[in-house]
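Asks: First the structure, which I've put down as structure tokens, then a few questions once you've had a look.
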Amino acid sequence: LTSWFSDDDFMNMHYYWSRPWTTLLKGNVLFFSGEPRPLGGLYYMAIHWIWGLNPLPYRVGALILISLNLLLLFLVVRELSGSLEAACLSLIVTGLNESFILLYYDTGMIFDALAFFCYYGTLYYYVRIRKSGRLPALRDTLLVLILCVGALNAKEIAVSLPIALLLYELLWHPPAGIRLVELKRWVIGPAKIALLSGALTLTYIVGLATGPSSVMNMGVYRPRPSLYLYLENYVTYMQRWSLEVLRPRPTGMLGILLATFVIARLLGRKHLVFASLMAMVSVLPL
């Protein structure tokens, strides 16, 4: 709570403060406009409007959000796995992992915390609806899509959310068959929200790439599709997550990712298949 502002905090504050409130509000509504991370901008500007440059409120808000995120992590894993032990293990292995220490000290990580909250909030809400045996009503659909937009407005990493929703439906509620009528029924039924959120995300990506603040104009943010780079970066993530215990080579990392999927399939556990596939997909935006 007593940590001071980081360099990124001052950079973020200057960026959002130098723009009028209307621009920030417009960026959150018109999520496809390319305005960079407008939900985080609301966090910075709202707190500054009340408390100014006192770092304590920024830290209090961040820690409250992180606490809610830990709860969401627990709830989502429990819902998907049906296991209290798995949910507790997820908190120990990932939720309280030392490699995420910056979340607790650096307000500049608020974009990640906000994206996680909206992302996992969407997953929990959606899975609860589907486990009740019903399809989302209009109100549910609107709330899921609003949360999806919120996740995108928080940070670009949230672009994998529609894939998570689609994978859930494919694993837990697959099409009844491969005939056209059965696929059509599935598309306009169980897969509808995943496809709608996918359309929103595609619109967001186009705006992000072509807007005035396009990531295509920023060297370190410019996409560089490469299997080797993907695996090389994944090795770095694995090292940090395991606190330097696991240090595979890129080819070994590919083996680990494929092995998790094969083992999950052999065990016949849907939640493990879901986890293995999301482990491959969710880091792609990084």
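Asks: Scan region 142-175 residue by residue and report those that are of a type in the set (Val, Ile, Thr) and open to solvent by 10 Å² or more (accessible area, probe 1.4 Å).
Replies: Listed by number, the residues that qualify are ILE146, VAL149, ILE157, VAL159, ILE163.
Asks: Can you say whether ARG19 is of a type in the set (Lys, Arg) and either crowded, with 17+ Cβ neighbours inside 10 Å or in contact (Cβ under 8 Å) with a residue 24 or more places away in the chain (or both), as far as the supplied structure shows? Steps first, answer last, please.
Replies: Values: of a type in the set (Lys, Arg): yes; either crowded, with 17+ Cβ neighbours inside 10 Å or in contact (Cβ under 8 Å) with a residue 24 or more places away in the chain (or both): no.
No, not satisfied.
Asks: For residues that are of a type outside the set (Gly, Ala, Ser), over 13 Å from LEU166 (Cα atoms) and surrounded by fewer than 18 Cβ atoms within 10 Å (Cβ to Cβ), tally how many sit in region 270-286.
Replies: 6
Asks: Given (1) assigned to a loop (DSSP other than H, G, I, E, B); (2) within 19 Å of the chain's Cα centre (by Cα); (3) not polar (S, T, N, Q), where does LEU246 come up short, assuming only one miss?
Replies: Condition (2) is where LEU246 drops out.
Asks: In region 22-47, how many residues are touching a helix residue (DSSP H, G or I) at 6+ places or on another chain (Cβ under 7 Å), open to solvent by 20 Å² or more (accessible area, probe 1.4 Å) and not in a helix (DSSP H, G or I)?
Replies: 2
Asks: What do you reckon, is SER3 more than 29 Å from VAL206 (Cβ to Cβ) and in a loop (DSSP other than H, G, I, E, B)?
Replies: Numbers: more than 29 Å from VAL206 (Cβ to Cβ): yes; in a loop (DSSP other than H, G, I, E, B): yes.
It is true that SER3 is more than 29 Å from VAL206 (Cβ to Cβ) and in a loop (DSSP other than H, G, I, E, B).
Asks: In region 235-269, how many residues are more than 30 Å from HIS173 (Cβ to Cβ) and open to solvent by less than 60 Å² (accessible area, probe 1.4 Å)?
Replies: Looking only at region 235-269, we keep the residues that are more than 30 Å from HIS173 (Cβ to Cβ), and these are 235-255.
The next check asks that each one be open to solvent by less than 60 Å² (accessible area, probe 1.4 Å); those that pass are 235-236, 238-239, 242, 248, 250, 252-253, 255.
The qualifying residues number 10.
Asks: Filtering region 65-103 down to residues that are hydroxyl-bearing (Ser, Thr, Tyr) and under 17 Å from the mean Cα position of the chain (by Cα), which residue is surrounded by the most Cβ atoms within 10 Å (Cβ to Cβ)? I'd like the intermediate steps shown before the answer.
Replies: The initial filter retains those residues of region 65-103 that are hydroxyl-bearing (Ser, Thr, Tyr), namely 67, 81, 83, 90, 94, 99.
Then keep just the ones that are under 17 Å from the mean Cα position of the chain (by Cα); that gives 67, 90, 94.
Working: SER67: 10, SER90: 21, THR94: 14.
Within region 65-103, the match that is surrounded by the most Cβ atoms within 10 Å (Cβ to Cβ) is SER90.
Asks: For region 176-193, state whether one or more residues are without any contact (Cβ under 8 Å) to a residue 40 or more places away in the chain, under 19 Å from ALA158 (Cβ atoms) and under 18 Å from the mean Cα position of the chain (by Cα).
Replies: Residues of region 176-193 that are without any contact (Cβ under 8 Å) to a residue 40 or more places away in the chain, as a first pass: 176-188, 191.
Filter once more, keeping what is under 19 Å from ALA158 (Cβ atoms): none.
For region 176-193, residues without any contact (Cβ under 8 Å) to a residue 40 or more places away in the chain, under 19 Å from ALA158 (Cβ atoms) and under 18 Å from the mean Cα position of the chain (by Cα): absent.
The values are calculated or read from the model by the stated rules, or taken from the named source; none is laboratory data. None of these values were measured; they are calculated from a predicted model. Note: ideal-geometry Cβ built from the backbone for every residue, glycine included; neighbour counts use all protein chains shown. The area values use the complete protein model at the heavy-atom level, side chains included, leaving out ligands, DNA and RNA. Shrake-Rupley method; radii C 1.70, N 1.55, O 1.52, S 1.80 Å.
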